[in-house]
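Trainee: Below: one structure in structure tokens.
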Number of protein chains: 2
Amino acid sequence: MRNEKAKLIEEYINELKTIKYEINNNSKKRFLSSVSYLYTLNNGSIIPREKVLKNNSDGSAIIIAPYIKETKEFLVVIEPRVFTSLGVGVSFPAGYIEEGETPIEAAKRELKEETGYEAKKIIHLDSFYQDEGISAAYNHSFLALDSEKKSEQKLDENEIIRYITLTYEELLELEKQGIISGANTKLTLARIKDYKEYLK
Amino acid sequence: MRNEKAKLIEEYINELKTIKYEINNNSKKRFLSSVSYLYTLNNGSIIPREKVLKNNSDGSAIIIAPYIKETKEFLVVIEPRVFTSLGVGVSFPAGYIEEGETPIEAAKRELKEETGYEAKKIIHLDSFYQDEGISAAYNHSFLALDSEKKSEQKLDENEIIRYITLTYEELLELEKQGIISGANTKLTLARIKDYKEYLK
């Protein structure tokens, strides 16, 4: 890991870490909800299952790994991940697919909003259920080639996102250290291995 | 894919697929719930976040990939995955860590309950957050060497689980077909690649 990159990551982690938290009993509009079902199977069994909803939808997401050709680096975001032991996570840009959007459209939009970068060519890496026992969220992971900074970040309220460019090897280092620890980014990192030309 | 294996998978999928479902408004005890928090970050920002709970806990899980030395096969389970497009999923045995259990103890217990197999040596493959934005679930993935059938399945109420032995190549085929589609199993499959001696 280059020294200046390690320092910057440390600064961001320090900036975004949790110093306290409390239960919020006054939240008016809840993001999470759930529905209880009874499913009848072809063999006659009837089984109860519950599904989690995010903002009243299945919460299918995209993950986009933006590659910057000139410096042979990937772009990752650093943001509060308050439920993890570190409180902060490094991950590829990601977000929920909005109604009427295709996964690729969502990937382009999220990349632009979270980082101000745009990508010329987007390759589908994989699709997978995030947590198939309790959710219908079906995520799509992409590799974005030739990504370039074009505009400023445009974040939602309550989103705090820093970003940084790192080589693939540096990303694997962060994964080993447990700073990259989410399933979405880890699976995307594993898939990128098949694109060897970008890993040097 | 061997013919008899493809046939068996097809039979199980046919047996376990959904034929109808309804919303269950009478469910007394709910498995899913959520808590709303306000987090104060080191930079002074205050951000709301919601956490999903499974049976009132974070729902950290284990995934265990049991390898059978004699036949050079892995053991996978087939069960209803009612929120997926197929309605049925093939995955490595998995389950929630119970209170007071270590991840390895949970892995051994789940393997035994779901399949009646026991394993001699268990290797840690990876640990990861399942859905870090809304959950503290931190999952652990294991490779179990020298797995052997020792007893009968011992399933919870509402669990319906079939199992089958397949080679690594056959598992990759199922992954390509989208029949293996959950993040937990996909990430575990990717990690097993580092154990080349089992992939032939």
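The values are calculated or read from the model by the stated rules, or taken from the named source; none is laboratory data. All values reported here derive from a predicted model rather than from experimental measurement. Backbone-built Cβ (ideal geometry, glycine too); neighbour counts: all protein chains shown.
Trainee: In the stretch B:4-23, which residues are within 11 Å of chain A (Cβ to nearest Cβ), touching a Lys or Arg at 6+ places or on another chain (Cβ under 9 Å) and over 15 Å from A:Leu41 (Cβ atoms)?
Mentor: Hits for the stretch B:4-23: nothing passes.
Trainee: Could you figure out which of (1) away from chain B (no Cβ under 13 Å); (2) at positive phi isn't true of A:Glu113?
Mentor: Every listed condition holds for A:Glu113 apart from (2).
Trainee: Keeping to the stretch A:89-110, report how many residues are surrounded by fewer than 23 Cβ atoms within 10 Å (Cβ to Cβ) and more than 14 Å from chain B (Cβ to nearest Cβ).
Mentor: Within the stretch A:89-110, residues that are surrounded by fewer than 23 Cβ atoms within 10 Å (Cβ to Cβ) and more than 14 Å from chain B (Cβ to nearest Cβ) number 11.
Trainee: Let me ask something else about it. Just wondering, is there one or more residues in the stretch A:173-188 that are outside any helix (DSSP H, G or I), surrounded by fewer than 22 Cβ atoms within 10 Å (Cβ to Cβ) and of a type in the set (Asp, Glu)?
Mentor: No, the conditions are met nowhere in the stretch A:173-188.
Trainee: A further question on this structure: Would you mind stating whether A:Leu32 is under 22 Å from the mean Cα position of the chain (by Cα), crowded, with 17+ Cβ neighbours inside 10 Å and closer than 22 Å to B:Ser27 by Cβ? Quick ask: steps written out before the conclusion?
Mentor: Numbers: under 22 Å from the mean Cα position of the chain (by Cα): yes; crowded, with 17+ Cβ neighbours inside 10 Å: yes; closer than 22 Å to B:Ser27 by Cβ: yes.
For A:Leu32, the condition - under 22 Å from the mean Cα position of the chain (by Cα), crowded, with 17+ Cβ neighbours inside 10 Å and closer than 22 Å to B:Ser27 by Cβ - is met.
Trainee: Step by step: first the residues of the stretch B:11-28, then only those that are surrounded by 14 or more Cβ atoms within 10 Å (Cβ to Cβ) and closer than 19 Å to A:Val35 by Cα, then the one that is modelled with the lowest pLDDT. Which residue is that?
Mentor: First pass over the stretch B:11-28, keeping only residues surrounded by 14 or more Cβ atoms within 10 Å (Cβ to Cβ): B:12-13, B:15-18, B:21, B:24, B:27.
With the extra rule that they be closer than 19 Å to A:Val35 by Cα, the set shrinks to B:18, B:21, B:24, B:27.
On the way: B:Thr18: 98, B:Tyr21: 98, B:Asn24: 95, B:Ser27: 82.
Here the answer is B:Ser27.
Trainee: Given the options A:Leu53, A:Leu32, A:Leu75, A:Leu86, name the one that is under 15 Å from B:Arg49 (Cα atoms), more than 8 Å from every other protein chain (Cβ to nearest Cβ) and of a type outside the set (Gly, Ala, Ser).
Mentor: Values: A:Leu32 fails: more than 8 Å from every other protein chain (Cβ to nearest Cβ); A:Leu75 fails: under 15 Å from B:Arg49 (Cα atoms); A:Leu86 fails: under 15 Å from B:Arg49 (Cα atoms).
When all the criteria are applied, what remains is A:Leu53.
Trainee: Here's another thing I want to ask about it. Against the condition free of Cβ contacts under 8 Å to residues at least 12 places away in the same chain and charged (D, E, K, R), how does A:Glu10 come out, does it pass?
Mentor: Working: free of Cβ contacts under 8 Å to residues at least 12 places away in the same chain: yes; charged (D, E, K, R): yes.
When the stated conditions are applied, A:Glu10 passes them.
Trainee: Can you name the number of the only condition in (1) surrounded by 18 or more Cβ atoms within 10 Å (Cβ to Cβ); (2) within 30 Å of B:Ile164 (Cβ to Cβ); (3) without any contact (Cβ under 8 Å) to a residue 40 or more places away in the chain that B:Glu70 fails?
Mentor: Among (1) surrounded by 18 or more Cβ atoms within 10 Å (Cβ to Cβ); (2) within 30 Å of B:Ile164 (Cβ to Cβ); (3) without any contact (Cβ under 8 Å) to a residue 40 or more places away in the chain, B:Glu70 violates only (1).
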